[in-house]
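Following: one structure in structure tokens, then a few remarks.
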């Protein structure tokens with residue numbers, strides 16, 4: 001590992017720094033507003049390291065959700081990581097010990113930085129991928145730390161701060177709406193979860209929604225993939241790296 | 001706040017499931033990936049994100065109190081701002097501050 005690789009990794013990761021520090025701070029403040037100390041936030045950012053899931057996690061732990069719904073929620077919210085992994089199998093094959101950490105820290109943003117690294121004639125690729133992952137988690141933990149400190153020292157009326165989570169997801173939906181090859185999955189998610197909310201109520205609609213969405217996606221597979229095959233909206237033909245949030 | 005033990009357990013479940021998802025493809029699909037998995041990986045993010053919006057708004061009561069008006073206005077602001085500026089951080093910050101102002105000052 002040399003200084004030049006570190007410099008390159010640092011400069012590539014700058015855009016992620018801005019996003020992660022701010023979103024991490026938001027996460028830290030949100031967790032604090034629910035009465036959890038800084039240490040819980042750090043524990044989550046060190047072990048989970050998945051932005052949108054940690055926002056959902058604040059809600060799950062503060063409402064005392066069950067283990068099964070937490071498990072299913074995590075699997076569904078983070079299912080996109082399967083896809084990232086699939087496309088990194090070859091690039092990460094020969095990374096040795098760095099591979100373990102690089103796979104653990106393969107978030108949306110890290111993926112967007114490492115997936116474009118050329119395989120050939122690139123001697124510092126292994127170090128670069130490893131360092132980018134490490135820097136990204138560093139920013140995320142730093143943000144969490146800042147949020148925890150701010151949340152516990154600044155005393156303000158935090159009523160309504162939960163909306164940051166809603167705003168995060170709404171902005172992701174808007175991005176996806178423009179980029180998705182087919183809008184059916186987004187509409188299906190909305191329709192199924194609203195129906196399940198009306199039928200099962202706010203405390204138990206998640207599991208039926210997730211089952212319904214999975215079923216619906218397979219039932220509509222032909223139509224969705226049909227839209228996929230057509231020359232996509234705005235020239236986008238693959239939605240692979242566009243899904244999901246932080 | 002719930003018992004620290006339960007909180008710890010939930011964090012372990014979230015961490016474990018996330019790690020599992022990130023490592024699974026490297027273990028299972030080193031040779032080839034089933035089409036169904038690829039398909040799900042492509043379309044699930046879109047469907048789950050709208051579900052998460054519904055999840056965030058699940059406790060809004062349309063029939064009483066403020067009839068979900070602050071939520072609707074703040075969501076509208078985020079959508080318009082994000083369509084216009086495409087800046088996630090700006091959309092979140094403005095939407096949250098607007099919503100906080102609404103529930104603390106207007107719809108008290």
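None of the figures in this text is laboratory data; all of them are computed from the coordinates on show. The model shown is predicted, which means the values in this text are computed figures rather than measured ones. Here the Cβ positions follow ideal geometry from the backbone for every residue, glycine too, while neighbour counts run over all protein chains shown.
Against chain B, whose longest principal axis comes from its Cα atoms, helix B:35-56 is set at around 20 degrees. The Rg/Rh ratio for region A:114-201 is 1.14, where Rg is the radius of gyration of the alpha carbons and Rh is the Kirkwood radius.
Its relative contact order, with pairs defined as Cα atoms under 8 Å and 6+ residues apart, puts chain A at 31 percent. The Cα atoms of region B:62-108 give a gyration tensor whose axes a ≥ b ≥ c have a/c of 1.5 or more with a/b no greater than b/c, which makes the shape oblate.
Highest average first, the peptides B:102-108, A:153-159, B:78-84 ordered by how many other beta carbon atoms sit within 10 Å of their residues are B:78-84, B:102-108, A:153-159. Shielding by partners for peptide A:190-200, expressed as the average number of C-beta atoms from other protein chains within 10 Å of each residue's C-beta, is 3. Most fluctuating residue of A:64, A:138, A:41 in a GNM of chain A with Cα springs under 10 Å: which is it? Result for chain A, Cα springs under 10 Å: A:64 fluctuates most. Among A:184, A:142, A:23, determine the one that fluctuates most according to a GNM of chain A built with springs between C-alpha atoms less than 10 Å apart. Of A:184, A:142, A:23, the most mobile in the Gaussian network model is A:184.
Taking R0 as 30 Å, what FRET efficiency do you get between residue A:150 and residue B:23 from their Cβ-Cβ distance, rounded to the nearest 0.05? Could you put the intermediate results ahead of the total?
Working: r = 34 Å, r/R0 = 1.13.
So, using R0 = 30 Å, E works out to roughly 0.30.
Dividing the summed helix terms, -39500 (n - 2.57) for each DSSP H run of n ≥ 4, by the number of residues in chain A produces a 222 nm estimate of -23000 deg cm²/dmol to the nearest 500.
Treat region A:3-153 as a sphere of radius equal to its Kirkwood radius over Cα pairs and apply Stokes-Einstein at 25 °C in a medium of 0.890 mPa s; give the translational diffusion coefficient in µm²/s, rounded to a whole number. Rounded, D is 152 µm²/s. Would region A:163-235 count as rounded, prolate or oblate if I go by the C-alpha gyration tensor, calling it rounded below 1.5 in a/c and otherwise prolate when a/b exceeds b/c, oblate otherwise? Oblate, since a/c reaches 1.5 and b/c is not below a/b. What residue among A:46, A:31, A:106 shows peak mean-square fluctuation when chain A is described by a Gaussian network model with Cα springs under 10 Å? Per the Cα network of chain A with a 10 Å cutoff, A:46 tops the list. Between the Cα long axis of helix B:88-101 and the first principal axis of chain B there is an angle of about 40°, rounded to the nearest 10.
A straight line joining the Cα centroids of region A:42-121 and region B:1-72 runs 12 Å.
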